[in-house]
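Q: Below you will find the structure I want to go over with you.
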Amino acid sequence: QVQLVESGGGSVQAGGSLRLSCAASTPTFNTFAMAWFRQFPGKEEEFVAAISKFGVSDYAESVKGRFTIFRDDAKKSVSLHMSSLKSEDTAVYYCLAKTGALKWGSDEYPYWGQGVQVTVSS
């Protein structure tokens, strides 16, 4: 069982920045693809960004150029640097993990963090 613990959520004004972090409990973190999804009230989770075990990243069109995903295999962590935040980025953000290849559907990831709230005020 892999435990994921997110941190770094909070409130920020539009145009500001936040960094989310996710710490994983598994010693084989370097074999996992990691992803961030977000959920708006009353809607299903939406893909935000992902990074493969090789460090190849991908982003949703809505966040390209504004968000950056990083992984640190030594620290067994992944982070999401968010800049130029908009009110429409307000959501609960989840860290997800899976072994094998990077995927874009949340149902492909068996391990989820508890979620952190990000609120962007305009």
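Q: Would you mind telling me the share, in percent, of accessible area of the chain contributed by carbon and sulfur at probe 1.4 angstrom?
A: So the carbon and sulfur contribution to the accessible surface is 49 percent.
Q: Sticking with this one: Note down the nm distance, to one decimal, between modelled labels 7 Å out along Cα→Cβ at residue 61 and at residue 121.
A: Taking the two extended label points, one gets 3.2 nm.
Q: Could I ask something else about it? Report, in debye and to the nearest 20, how large the dipole of the chain comes out about its Cα centre when Lys and Arg carry +1 and Asp and Glu carry -1 on their Cβ.
A: Value, rounded to 20: 300 debye.
Q: How much accessible area per residue does segment 15-57 have, in Å², with a 1.4 Å probe?
A: 48
Q: Could you tell me the accessible area of residue 53 in Å² (1.4 Å probe, neighbours in place), rounded to the nearest ten?
A: The accessible area of residue 53 comes to roughly 80 Å².
Q: Report the label-to-label distance for residue 39 and residue 54 in nanometres (one decimal), using points 7 Å from each Cα along the Cα→Cβ vector.
A: Simple spin-label model gives 3.2 nm for this pair.
Q: Once label points are set 7 Å from the Cα along Cα→Cβ at both residue 17 and residue 107, what is their separation, rounded to one decimal in nm?
A: Going by the 7 Å Cα→Cβ label model, 3.8 nm.
The values are calculated or read from the model by the stated rules, or taken from the named source; none is laboratory data. Treat the numbers as computed from the prediction; the structure is a model and nothing was measured. Heads up, the Cβs are rebuilt from the backbone with ideal geometry, glycines too, and the neighbour counts pull from every protein chain shown. Only protein heavy atoms, including side chains, enter the accessible area calculation; ligands, DNA and RNA are left aside. Shrake-Rupley method; radii C 1.70, N 1.55, O 1.52, S 1.80 Å.
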